[in-house]
1. Quick one: what are the phi-derived ³J(HN,Hα) couplings along region 57-72, Karplus 6.51/-1.76/1.60 with θ = phi - 60°, whole Hz, x for glycine and proline?
2. What full-extension length gain, to one decimal in nm, is calculated for Leu421 and Lys354 as 0.36 nm per residue of separation minus the Cα-Cα distance?
3. Only Lys, Arg, Asp and Glu count, each charged at its Cβ (+1, +1, -1, -1), so figure out the dipole size of the chain about its Cα centre, rounded to 20 debye.
4. Determine which lysines satisfy two conditions relative to Lys476: a Cα distance under 24 Å, and not lying fewer than 8 residues away in the same chain.
5. Just want to confirm a number: the relative contact order over the chain, from Cα pairs under 8 angstrom separated by 6+ residues, in percent.
6. Rounded if a/c is under 1.5, else prolate if a/b is larger than b/c, else oblate: which is region 437-605, with a ≥ b ≥ c the root eigenvalues of its Cα gyration tensor?
7. Summing -39500 (n - 2.57) over the DSSP H runs of n ≥ 4 in the chain and dividing by its residue number, what mean residue ellipticity at 222 nm do you reach, to the nearest 500 deg cm²/dmol?
8. Using amide H atoms built in the peptide plane, which far-off residues or other-chain residues are under 5 Å from Asp574 H to H?
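Read the figures in this text as sums done on the coordinates, not as results from a lab. What you see is a predicted model, and the numbers here were worked out from it, not measured in a lab. When we count neighbours, we look across all protein chains shown, and the Cβ atoms used for this are built from the backbone with ideal geometry, even at glycine.
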Amino acid sequence: MGVWASADEAVARVRSGDRVYVGSNCGQPETLCEALVRRADALRAVELVHLIVFGEAPYVRPGLEESFRHAALFVGANTRQAVREHRADYVPVFLSDVPRLFKNGQMPLDVALVSVSPPDAHGFCSLGVSVDIGMAACKRARTVIAEVNPHMPRTLGDSFLHLDEIDVLVAVDRPLPEHDPGAADETSRAIAAHIAKLIEDGSTIQTGIGRLPNAILEAFADKNDLGIHTELFSDGLIAAIERGNVTGRRKTLHPNKVVASFCIGSQNLYRYIDNNPFFEFRPTEYVNDVAVIAQNERMVTINSALEVDLTGQVVSDSIGHEIYSGVGGQVDFVRGAARSVGGKAIIALPSRAKGGTVSRIVATLRPGAGVVTSRADVHYVATEFGVAYLHGKTLRDRALSLIRIAHPDFRDRLLDEAKELGLVAQDQPSVDYPYPAHLSKTITAKNGASLFLRAILPTDEQMLKGHFYALSGSSKRHRFSRAVETMPASAFRDWVNVDYRSHMALVAVQSDADEGERIIGVARYFANQTTGLAEFAMAVRDDWQGQGVGRCLLDGLVAAAREAKLVGLVGYVDADNAPMLRLLQSLGLPHRSSVSDGQVVFRLDLGTVRAEGASA
């Protein structure tokens, strides 16, 4: 068992030239750090290693450079200036790799300064809110010095140090540092709403701290049996648990447990997790292990970014050459979710920065910007304007998808830059049309299959080709009123680039874990601006006909046409296409028809009253 001492006596064990680990996040041993700085005149070249800390970092004050130098594994607001002024260093490293640096001697530790809970009846102290890399540091350091603080919660899991593993104990009594990210704003709530649509009941979630993660947890209010396997969490998780959204019942790894390595928040959070068996704190080398993360089926990871370029490169630790934060666990969780059965890896960011003057989605990254998540790793990117799916997509599709979810103020400029860079064709039409996301919905076919109905996207070109060539000869003839076997590539590009008013197209999409996405049916109209009438057409794959897909597509098309103030839809149906004629009659709309050259000219009246002189 270690000896009890004052803080000044304890830090007397630190020698010049030592490398010292400092407990991180809200588990910073503030009393020991203050005592260490009081010894500054007696020390030289002491290196202090840690993640972000939410208390003060007094050792990075100007004038202490000869005594202390900080090596940041993650840069925080209180150390950023020191890094910028070269009074501290930054170590870019995956969080899952840090314990290995301690263990293999690449970053040997002389002293570990940590904060722990009071010992239990068996002599075990908990690392509390900051197990993370602290456990590995304590196991490898020559000397372990611990503040014993009654304010440190006793978290359960693989979080305990025995008194025999601590060399010096210092009694302190001070509240832990707190962090309040503030209330969610409108942008955060909009991003969260898009992400919530991707989440299935029973998913396991990883997210962080801040306004956006809290907004995301709020957006999960209608979800059931979510699980948590995350690097960190904050107060927003408490409300999700108490609402019954987070139960962990359907987790495939550690069911009925929230698994994390640290937490950051308020005193209320610290009280909530104290001795709470629903929470299991484990070291980073376990929580952030890609193979462990992947064992959670339907693993959804949500991470932030500072900048994303049009090819999908994600910048998360720097603004140009200036280091802002750190690599952290983003890549660990992105790759873990990618390997999970039914997993989804999401990068979430507001579309703009600096008061709306700068786009976070850019054609090219700023000079010096560091790519944390590569374009080969990225899957989903979400802003307040929607979600872009990039994995396995071409550079052209990536650029078009990301421009669509950029802020409207920057879309035309981004498209011009994409053309200059050769990412898209020079004749690529604008994608700056308001996307009718409200038309999107999940539908159930008569065979029980779940399909997603939505407006077409410029990135659907390949899927649309696949749909066309999957149609039988008779289905193609009914769709185009003539025998047709092939179509020029330019036609497919024209069909996916629509303005959603005078030219609207809806698709029914099937998602399959083995075969990916494919279009099952398409319905579209072309409006006449003068008459308010639109010609419409539809085609459903032969193996899906008679399953109710066509009816859903037509209902959606009618809704879009009414919204566009069209007065009627006109279709030209082959006289022998009895199923289509029956379908049109079943819509229950006023209609009229006539026969001409073997075709039935079928007009649906929408009952829309157009303002005089209005255009469609």
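1. 10, x, 6, 9, 5, x, x, 9, 4, 6, 8, 10, 9, 8, 10, 8
2. 21.6 nm
3. 1460
4. Answer for Lys476, where 24 Å is the Cα cut-off: Lys446, Lys465, listed by chain and number.
5. Relative contact order for the chain comes out at 9 percent.
6. rounded
7. Using -39500 (n - 2.57) per qualifying helix, the result is -7000 deg cm²/dmol.
8. Amide H neighbours of Asp574, under 5 Å, 5+ apart: Val600.
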